[in-house]
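Novice: Below are the structure tokens for one structure; questions will follow.
Any read-out appearing in this document is the output of simple, stated calculations on the displayed coordinates, not a laboratory observation. Note that this is a predicted model, so its numbers are computed, not measured. Methodologically, a virtual Cβ is constructed for each residue, glycine included, from the backbone with ideal geometry; neighbour enumeration extends over all protein chains shown.
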Amino acid sequence: MLERMPVDPAANEPPPESTDSLAELLRARDDRQLLALLRSRPDLATPPPTDSAVLAARATVRSSVTRACEDLDSFSLNVLEALVLLDADERSVSLERLTGFFGGEATREQLRSRVDPLRERALVWGPDEALRTAVTVRETIGAHPAGLGAELDGLSEQRAREVLAELDDEERGVVSKLAGDSPIGRTGQAKPGAERSDTPIGRLLLRGLLLRRDENTVELPRELGLAARGDRPMGNVATTEPVPELDEHGQQRINGTAAGEALELNRHVELLLESWGQEPPDVLRSGGVGVRDVRELARKLESDETRAALVVELAVGTGLIDTSPDEDPQWVPTVQADVWLAASPEHRWALLAGSWLELPRLPGLIGSRDARDRLLGPLSEGLRRSSAPRDRRRVLELLDEQPGGWGFRREDDVAAVLAWRAPRRGGSMRDELVAWTLREARALGIVALGGLSSAGRALLTGDESAAAGVMAAAIPEPVDHVLVQADLTVVAPGRLEPELATELNLVADVESAGSATVYRVSESSVRRALDAGRSSEQLRELFEQRSRTPVPQGLTYLIDDTARRHGKLRAGTTSSFLRCDDPVVLTEVLGKQQLAHLGLRRIAPTVLISPLPLEELVDELRGNGYAPVAESADGGVLDLSRGPQRIKGRGRYGGARGEPSNSTRPDEQQLTERVRTLRAGDQAAATRGNTITPERGRPSANATLELLREAARQSHSVWLGFVDAQGGATQRIVRPVSVGGGVLQGFDSTRDELGDFPLHRITSVAVVER
């Protein structure tokens, strides 16, 4: 075995049981220190621990230690790894011994700055001369603390140094490489027992200086790793977090870029609601939405599928879209969508951004596969992660720490800082979580140019209204004019006023979007406006009044020509009729073979009728090159366009918001109460031998009454095991005042108040003082 360096004299004596020594130290802490422990490790407070012994046992449970280690930075984990390598779970280790084991990579003061918080969290305990850890810390750290392998029986520290000196350069190179960050190496050599001597790994295996784990994996023994590291047993240790490179952009520029992204996001969500309001996609049998539907949406948004999937997740997470209650459910916009569409741009953005921040899902996983090798699509259950809001906040809070107007030069720097601060958070997806968060935050206008926007900073406070107000200041004022070009394109030099935007979207199609949106006017777009009831005079007036450039003659001709042909045919209901002042046109329609299925027949020189519904008749005629309009009973134009579908919906995140575990985390008042309960249990610990457990109808019930009455006469406090009105077990230190009518009345020292305790709820009693 590896020869150990001399240990402290105190370590030569048999140590007490670790949990017992920890319980004693916890019992000696003041209330402020106990509160700090429960605050840093809230899982220890649920359910309320009865005394310090229970708290100590709970603090050393492997699952709790694992959770506590998730919040430790890289240097703190290095300290725990060093204590494990020094067997602090078996014997005491001094701070001087710990400092020496770092070999100059860390000073005593630096180590103390990490040992003290570890003591506060009860992961390490004892004075500087006798530091201890729990056995479960070794289990949590893993099989390779500080990147060192397993111990090799029969190989001492001195012998390991001698063996290292005997190796040739190739063999020493293999050992040096495996003595780095990981002792595990891959080999393509023969099966165990058939090692070759013509390779350095084969020779090391033949000499028993490498541990074979399987046919393709070897492990460097800990003793050789320590020998190769020399006077730096812990290897390279990062005692401080990486310093990122920042660029100064100015807060105004960051805010302006973010505002542009916010407006683009609003536009994409609006297009989604319009599209799915007309043609809702089906809910897949396994949940989610089909790849084909996402691909079609991406085409309409003129974006990639990743962006389209994010927009879908945001709309559903915000409660703008939900599943319909039909037997064959679809993804349908909710009534909340109409409220959102009527809101100002900044309030639209705030609702989307606030929902994303608390969204318990990971859109970044879309396109990957789960443990069963199933493809994860948008809105599928496989994307649900309760820790997602916490992970997003970690990234944004790091950006919030930077000076205003500055941004990270590289995303990798963000990942590196967060990896140092909490190496165990995020698991195998740790760095991907950072990349996904930054990508989504940029799409939402929370982050721009590597820095946090002012609206993003306000959003982190949890006040969406305040964030909307900040974003409103960054969004440019809407413009009331457009620029009509000779090629029948219309340029909007900014965000348009809502009324103008509505009219322009009716008469033109978006050709390219951005800070300056380009629309194109075509025959089909003009016909769409005419179908909606606009006249040619109204359309000409729109462009004449709103264009800062002269209206080209070609646009006027297009509007007039389309209007001249538009409505020449008039459709009504018989189921439906078709009328035209020109009988020749009706004769042409009647004789067209492609329209024979419409069942048209002439009832007058200028009127045809059909058994088909009016909407279907109009659609068929338009599909064959005609431009009919629907006619109402009074002869006016009837708009046949279908209104968007709407359902009630269940609100944000399907009715649940945020991380579920947060709702069970004790608040400050509850933590204070649990510290008082601990004190009560500790005070009663010495008298547990005299505890009486009442039993209904038996002598012990009388003994309980007598004990309580005697305590009241003598003004002695008692420890009560008590079940409260909610059925929760608790412990109290009570000074009895009176006992009668089935109730103990006494002063509750844990709450500093006079209280009543029904006798039937008392489970045990012990006198605290005599």
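Novice: Spelling out what I want: for every residue of the stretch 204-216, take phi, set θ = phi - 60°, compute 6.51 cos²θ - 1.76 cosθ + 1.60 (Karplus), and round to whole Hz; glycine and proline get x.
Specialist: Whole-Hz 3J(HN,Hα) from phi for the stretch 204-216: 5, 5, 5, 8, x, 9, 10, 9, 7, 9, 7, 4, 10.
Novice: Arrange the following residues from fewest to most other Cβ atoms within 10 Å of their Cβ: GLU401, GLU432, GLU81, GLU544.
Specialist: On the way: GLU401 9, GLU432 15, GLU81 21, GLU544 12.
Least crowded to most crowded, the residues run GLU401, GLU544, GLU432, GLU81.
Novice: Could you give the distance between the Cα centres of the stretch 293-370 and the stretch 544-593, to the whole Å?
Specialist: Each part's Cα centre sits 38 Å from the other's.
Novice: Report Rg (one decimal) and Dmax (nearest whole number) for the stretch 275-424, counting Cα atoms only, units Å.
Specialist: 17.4, 54
Novice: Taking Cα pairs under 8 Å and at least six residues apart, what relative contact order does the chain come out at, in percent?
Specialist: Once normalised by length, the contact order is 11 percent.
Novice: Can you work out D for the stretch 461-518 in µm² s⁻¹ from Stokes-Einstein, where Rh is the Kirkwood radius over C-alpha pairs, the temperature is 20 °C and the viscosity is 1.002 mPa s?
Specialist: Taking Rh from Cα pairs, D becomes 166 µm²/s.
Novice: So what's the net charge close to ARG138: Lys and Arg +1, Asp and Glu -1, counting the other residues with Cβ under 14 Å from its Cβ?
Specialist: -2
Novice: Still on this structure, I have one more. Using the C-alpha atoms of the chain, what convex hull volume per residue, in cubic angstrom, is computed? Working shown, then result.
Specialist: Working: hull volume 217.5 nm³, N = 770.
Hull volume normalised by residue count: 282 Å³.
Novice: So how do ASP247, ASP431 line up by other beta-carbon neighbours within 10 Å, fewest first?
Specialist: ASP247, ASP431
Novice: How big is the gap, in Å, between the Cα center of the stretch 449-470 and the Cα center of the stretch 229-246?
Specialist: So the two Cα centres are separated by 35 Å.
Novice: Over all pairs of distinct alpha carbons, what does the Kirkwood formula give as the hydrodynamic radius of the stretch 241-295, in Å? Numbers along the way, then the final one.
Specialist: Details: mean 1/r = 0.0669 Å⁻¹.
Roughly 15.0 Å, rounded to one decimal.
Novice: Another question about this same structure. Which values of log₁₀ I(q)/I(0), to two decimal places, follow from the Debye formula for the stretch 570-626 at q = 0.13 Å⁻¹ with a uniform point scatterer at every Cα?
Specialist: With one equal scatterer per Cα and no solvent, log10 I(q)/I(0) is -0.25.
Novice: Please tell me the relative contact order of the stretch 9-142 in percent, rounded to the nearest whole number, where contacts are Cα pairs under 8 Å and at least six residues apart.
Specialist: RCO, the stretch 9-142: 33 percent.
Novice: Within 10 Å of each residue's Cβ, count the other Cβ atoms and sort PHE747, PHE408, PHE75 from fewest upward. Let's see the in-between values first.
Specialist: On the way: PHE747 15, PHE408 22, PHE75 19.
Least crowded to most crowded, the residues run PHE747, PHE75, PHE408.
Novice: Largest first and to the nearest Å, give the Cα extent of the stretch 9-142 along each principal axis.
Specialist: 43, 33, 28
Novice: Would you mind computing the Rg to Rh ratio of the stretch 293-380 from its alpha-carbon coordinates, Kirkwood style for Rh? Kindly include the intermediate steps, with their values, before the conclusion.
Specialist: On the way: Rg = 14.0 Å, Rh = 14.2 Å.
Result for the stretch 293-380 is an Rg/Rh of 0.99.
Novice: Moving on to the next point. What's the ranking of 344-357, 719-732, 271-284 by average number of surrounding C-beta atoms within 10 Å, highest first?
Specialist: For the peptides 344-357, 719-732, 271-284, the packing ranking is 344-357, 271-284, 719-732.
Novice: Hey, another quick one. If you keep only loop residues by DSSP, which trypsin sites (Lys or Arg not before Pro) in the stretch 253-328 have at most 13 other Cβ atoms within 10 Å of their Cβ?
Specialist: Details: sites: ARG253, ARG267, ARG285, ARG292, ARG295, ARG299, LYS300, ARG307; in loops: ARG285.
Taking the stretch 253-328 and a limit of 13 other Cβ atoms within 10 Å, the loop trypsin sites (Lys or Arg not before Pro) found are ARG285.
Novice: Turning to a different aspect of this structure: For the stretch 180-186, what does the Karplus curve 6.51 cos²θ - 1.76 cosθ + 1.60, with θ = phi - 60°, yield as ³J(HN,Hα) per residue in whole Hz, taken in order and with x for Gly and Pro?
Specialist: Using θ = phi - 60°, the values come out as x, 7, 9, x, 8, x, 9 Hz.
Novice: How big is the convex hull of the Cα atoms of the stretch 488-588, per residue, in Å³?
Specialist: Numbers: hull volume 12.5 nm³, N = 101.
Given the Cα convex hull of the stretch 488-588, per-residue volume reads 124 Å³.
Novice: Follow-up question, since we're still on this one. What is the ratio of the Cα radius of gyration of the stretch 164-321 to 2.2 N^0.38 Å, where N is its residue count, to two decimals?
Specialist: Details: Rg = 29.1 Å, N = 158, 2.2 N^0.38 = 15.1 Å.
Against the empirical 2.2 N^0.38 Å value, I get 1.93 for the stretch 164-321.
Novice: Restricting to Cα pairs below 8 Å that are 6+ residues apart, what does the relative contact order work out to for the stretch 519-617? Please round to a whole percent.
Specialist: Rounded, it is 23 percent for the stretch 519-617.
Novice: Now, a different point. How much of the DSSP beta bridge set in the chain is antiparallel, as a percent to the nearest 5?
Specialist: Here the share of antiparallel DSSP bridges comes out near 95 percent.
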